[in-house]
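The values are calculated or read from the model by the stated rules, or taken from the named source; none is laboratory data. Source: prediction; values computed, not measured. Here the Cβ positions follow ideal geometry from the backbone for every residue, glycine too, while neighbour counts run over all protein chains shown. To get the accessible areas, we keep the full protein, side chains included, count just its heavy atoms, and leave off ligands, DNA and RNA. Shrake-Rupley method; radii C 1.70, N 1.55, O 1.52, S 1.80 Å.
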Amino acid sequence: MEAAPAVRPESQSEPPTPAVLTFATVDEAVEVLRRGGLVGFPTETVYGLGADARNPEALARLYKVKGRPATHPVIVHIAGKDELPQWARDIPDHARKLAAALWPGPLTLVLKRAEGVLDALTGGQDTIGLRVPAHPIAQALLQAFGSGLAAPSANRFGRLSPTEAAHVRADLGAEVDAILDGGPCEVGIESTIVDCSGEQPSILRPGRLTVAQLEAAAGVSMAVPGEAAPRAPGTLEKHYSPRAKVRLLKRTGMIEALTTHKGKRIAALGLEVAVPRLPAGLLIVEAAVAASYAHNLYANLRLLDAAGADLILVEMPPDTPAWAGVLDRLRRAASD
Ligand code: TXA
Ligand code: MG
């Protein structure tokens, strides 16, 4: 009788072994972080690429893998608001109220940085961005690690943020040492950033939380960001972009564009009603509900990109407070 073959016959048709074969456990991820490695992990907004926020070599590698300029600060993720004093100083009352009401949650506070905080985290500014994520796996990771994790979104600089573990693997491949899989991110767009380093708080980046929610929690009104506000490079034009060109149009404009751009591979992200003359793979129709639209937004743009679109027509959502975060990302994706 012949010996059983050492290699299972079906393995010949299996795809080549990916660099990251399985998703990691929290314990493995903590090991990786302690060695100065990079871990992709889920938060309720988008997946983050985490590194030990006290380890300069780990941060240098994080910036290199992201392809991010050294002047761009990163958000430090902490397990709870009790850790604030380790990272921030002169915390104003309105920031404490925001933290008490909205953490854990999709909110980043920019505060004056505490002594000893590494320059690599702050882009050389005197402020630091801090956030307590609500996702149970992010919480488990932070608690087991026991310190802060610097974590930008786990995508290359300027591209769409990942909202599923598979997106992280596809974007960063072997350059991420471990990935924790927490399923699709609930919110789907990045956290709201509020600058609390000055007299009056101001919104640097809109997200799921509305101005009304923030003002109710802070007990003060939000200022329009001024000249002196800290730079928030997520607020660069041309950010959060798929490969295809994006145009943000009213419904009539979309239908017109279908005629004028004949010959281009056009895809559309519509609201409520199908866009005429587009094949199924190049058309996604979303309900006009801000929360579910945001939840699916990046995955939808990735799908249309992957379907080979060279132009994505996006139907303009309503200009109401609930849509502020979505509109902000769509405008950036559409800017040249
Ligand atoms: O939802 C999120 O915020 C995700 C998850 C992973 O937490 N993170 C995220 O990180 O979106 P990132 O690096 O892609 O965007 C962080 C934004 C950037 O626009 C950055 O400029 C701003 O936060 N930021 C961080 N620290 C800052 C600071 N000290 N002052 C001003 N802006 C800051
Ligand atoms: Mg980002």
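Can you pull out the residues in the stretch 112-170 that are of a type in the set (Lys, Arg), under 19 Å from the mean Cα position of the chain (by Cα) and farther than 30 Å from residue 245 by Cβ?
Hit for the stretch 112-170 is 131, nothing else.
When restricted to residues that are assigned to a strand (DSSP E or B) and open to solvent by 30 Å² or more (accessible area, probe 1.4 Å), the stretch 76-112 contains 2. Scanning the stretch 43-67 for residues that are within 13 Å of ligand 2 (Cβ to nearest atom) and open to solvent by 30 Å² or more (accessible area, probe 1.4 Å) yields a total of 1. Pairing each residue of the stretch 98-111 that is in contact (Cβ under 8 Å) with a residue 24 or more places away in the chain and over 15 Å from residue 205 (Cβ atoms) with any residue that is part of a strand (DSSP E or B) and not hydrophobic (A, V, I, L, M, F, W, C), provided the two are 6+ apart or on different chains, yields C-beta distances under 8 Å for 103/131; 111/89; 111/127. Residues in the stretch 159-193 that are within 10 Å of ligand 1 (Cβ to nearest atom) and in contact with a strand residue (DSSP E or B) (Cβ under 8 Å, 6 or more places away or on another chain) were compared, and the one that is nearest to residue 67 (Cα to Cα) is 161.
Pull up the stretch 127-139, narrow it to residues that are of a type in the set (A, V, I, L, M, F, W, C) and within 21 Å of residue 188 (Cβ to Cβ), then point me to the one that is farthest from ligand 1 (Cβ to nearest atom). Write out each step before concluding.
Here is the first cut: in the stretch 127-139, the ones of a type in the set (A, V, I, L, M, F, W, C) are 128, 130, 132, 134, 137-138.
Next cut, within 21 Å of residue 188 (Cβ to Cβ) only: 132, 134, 137-138.
On the way: 132: 10, 134: 11, 137: 12, 138: 8 Å.
Per the criteria, the residue is 137.
Regarding the stretch 305-315, can at least one residue be identified that is in a helix (DSSP H, G or I) and open to solvent by less than 40 Å² (accessible area, probe 1.4 Å)?
Our first condition is that a residue be in a helix (DSSP H, G or I); within the stretch 305-315, this holds for 305-306.
If we keep only those that are open to solvent by less than 40 Å² (accessible area, probe 1.4 Å) too, we end up with 305.
Yes, that holds for at least one residue.
Results for (1) on the phi > 0 side of the Ramachandran plot; (2) within 14 Å of ligand 1 (Cβ to nearest atom); (3) of a type in the set (Asp, Glu), shown as yes or no for each residue.
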{"position": "58", "(1), (2), (3)": "no, no, no"}
{"position": "64", "(1), (2), (3)": "no, no, no"}
{"position": "73", "(1), (2), (3)": "no, yes, no"}
{"position": "76", "(1), (2), (3)": "no, yes, no"}
{"position": "101", "(1), (2), (3)": "no, no, no"}
{"position": "108", "(1), (2), (3)": "no, yes, no"}
{"position": "115", "(1), (2), (3)": "no, no, yes"}
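What do you reckon, is residue 144 within 19 Å of residue 58 (Cβ to Cβ), more than 9 Å from ligand 1 (Cβ to nearest atom) and either at pLDDT 95 or above or not in a helix (DSSP H, G or I) (or both)? Lay out the reasoning, then the answer.
Working: within 19 Å of residue 58 (Cβ to Cβ): yes; more than 9 Å from ligand 1 (Cβ to nearest atom): yes; either at pLDDT 95 or above or not in a helix (DSSP H, G or I) (or both): yes.
Yes; evaluated as a whole, the condition is true for this residue.
Scanning the stretch 158-191 for residues that are open to solvent by less than 10 Å² (accessible area, probe 1.4 Å) and part of a helix (DSSP H, G or I) yields 165, 168, 172. Of all the residues in the stretch 143-176, those that are within 18 Å of residue 77 (Cβ to Cβ) and within 11 Å of ligand 2 (Cβ to nearest atom) number 7.
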